[in-house]
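K.L.:
Can you read through this structure? Questions will come right after.
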Amino acid sequence: MSAQRIADDLLRPFQLERTGLRGRLVRLGGALDRILTRHDYAEPVGQLLGELLVLAAALAGGLRFQGTFSLQAKGSGPVSLLLADYTHDGAMRGYARYDAERIDAGSDIAALLGDGRLAITVDQGDAGAAYQSIVELTGISLTECMQTYFRQSEQLKTGLKIAVGRVAENGAWRWRGGGLMVQRLADQPVDDEHQEDWHRTMLLLGTATDAELLDPGLPADALLYRLFHEEGVRVFAPQDLRFGCRCTRERVEKLLRSFPDAEVDEMRQDDGLVVVTCQFCNAGFRFDDAQLARLHARGAH
Ligand SMILES: [Zn+2]
């Protein structure tokens, strides 16, 4: 069998020529699998974090920014923290903190996250203003909660369809995610004809199945054509997506220097080393006596 590689891990912007509506298709394969398998997440937690990561790519893909776009959900339930990060060049990472003993039946956000909030943050560092929006956790999924947010706020009219799951690929069950987002631009009129356009497009969006969104054998553009060919779908240059963490030894050193020496000493393992593990990528940064002494000496200035 000729294994022609199908482009994966990408964000494909598109426009529907018939109506002027804009959208994005997100396809995450290896990148999502790498993020989720760095930690041995319980299945419903992997599912939830995967959904947040696909949402992050879909939302961030429509913004112009230089820096980091992040979605952070905090709740009172067994999953107390979910974090998905997207940088403007397509690097993604994610993290979930949860109480494994409290994860049982029930996969809706009420059962997993409980009462809580989802923060949408764009951080441009020194390059520009940071801004944040807060979304209440409602509905049965993160996607639904985001839909409600777009409906209730003065945001662009938005349709979303997200799927996350494990798919058999080369003899292994790998995480995959797919997402479709369609938005009406702010300057488009809201008359009957345009309402009709919107309604029709949402019906088409709704026909995308989870299997189609996750199928590694179905190219992104073939899926877009299948869904929207009568709307005159035109695609734009894709953004590659990948797993990427921003942790560095320098950042960990800076963090350790910010702690009192006694506290750093308490972090020593039995072998005397201090090991700091990145919560995102699980990379371990090890510090021996000499390295710690240097940190302490520098921290004293
Ligand atoms: Zn890391």
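The values are calculated or read from the model by the stated rules, or taken from the named source; none is laboratory data. Computed from a predicted model, the values in this text were never measured in an experiment. Neighbour counts are summed over all protein chains in view; Cβ atoms, including those assigned to glycine, are modelled from backbone coordinates with ideal geometry. In case anyone asks, the SASA skips ligands and DNA or RNA and just uses the protein heavy atoms, side chains included. Shrake-Rupley method; radii C 1.70, N 1.55, O 1.52, S 1.80 Å.
K.L.:
Is it the case that some residue within segment 78-88 is open to solvent by 30 Å² or more (accessible area, probe 1.4 Å) and over 29 Å from Ala168 (Cβ atoms)?
P.N.:
Within segment 78-88, one or more residues are open to solvent by 30 Å² or more (accessible area, probe 1.4 Å) and over 29 Å from Ala168 (Cβ atoms).
K.L.:
For the subset of segment 89-105 comprising residues that are open to solvent by 40 Å² or more (accessible area, probe 1.4 Å) and not aromatic (Phe, Trp, Tyr), which member is farthest from the ligand (Cβ to nearest atom)?
P.N.:
Out of the qualifying residues, it is Ala105.
K.L.:
If you go through segment 215-235, how many residues are open to solvent by 20 Å² or more (accessible area, probe 1.4 Å), of a type outside the set (Asp, Glu) and in contact (Cβ under 8 Å) with a residue 12 or more places away in the chain?
P.N.:
8
K.L.:
Could you grab the pairs with beta carbons closer than 6 Å, sequence gap of 6+ or different chains, first residue in segment 118-132 and surrounded by 13 or more Cβ atoms within 10 Å (Cβ to Cβ), second one β-branched (Val, Ile, Thr)?
P.N.:
Matching pairs, first to second residue: Leu118/Val135; Ala119/Ile134; Asp123/Thr68.
K.L.:
In this structure, does Glu263 turn out to be without any contact (Cβ under 8 Å) to a residue 60 or more places away in the chain and within 16 Å of the ligand (Cβ to nearest atom)?
P.N.:
Taking the combined requirement at face value, the residue does not satisfy it.
K.L.:
Still on this model: State whether one or more residues within segment 177-185 are more than 20 Å from the chain's Cα centre (by Cα) and charged (D, E, K, R).
P.N.:
Yes, that holds for at least one residue.
K.L.:
Let me ask something additional. Kindly indicate whether Ala220 is more than 30 Å from Gly30 (Cβ to Cβ) and out of contact with any Gly (no Cβ under 8 Å at 6 or more places or on another chain).
P.N.:
Against the criterion (more than 30 Å from Gly30 (Cβ to Cβ) and out of contact with any Gly (no Cβ under 8 Å at 6 or more places or on another chain)), Ala220 does not qualify.
K.L.:
Further question: Among what's in segment 274-301 and is of a type in the set (A, V, I, L, M) and open to solvent by 30 Å² or more (accessible area, probe 1.4 Å), pick the residue that is nearest to the ligand (Cβ to nearest atom).
P.N.:
Ala283
K.L.:
Need pairs with beta-carbon distance below 6 Å; first residue within 25 Å of Leu32 (Cβ to Cβ) and within segment 275-286, second in a loop (DSSP other than H, G, I, E, B) and more than 7 Å from the ligand (Cβ to nearest atom); sequence gap 6+ or separate chains.
P.N.:
Between residues of segment 275-286 that are within 25 Å of Leu32 (Cβ to Cβ) and residues that are in a loop (DSSP other than H, G, I, E, B) and more than 7 Å from the ligand (Cβ to nearest atom), the close pairs are Cys281/Arg38; Asn282/Arg38.
K.L.:
Could you pull out the residue among Asp270, Asp240 that is at pLDDT 95 or above and either under 30 Å from Thr68 (Cβ atoms) or open to solvent by 70 Å² or more (accessible area, probe 1.4 Å) (or both)?
P.N.:
Selected residue: Asp240, the only one of Asp270, Asp240 that is at pLDDT 95 or above and either under 30 Å from Thr68 (Cβ atoms) or open to solvent by 70 Å² or more (accessible area, probe 1.4 Å) (or both).
K.L.:
Suppose we filter segment 123-173 for residues that are over 22 Å from His199 (Cβ atoms) and in contact with a Ser or Thr (Cβ under 6 Å, 6 or more places away or on another chain); how many remain?
P.N.:
4
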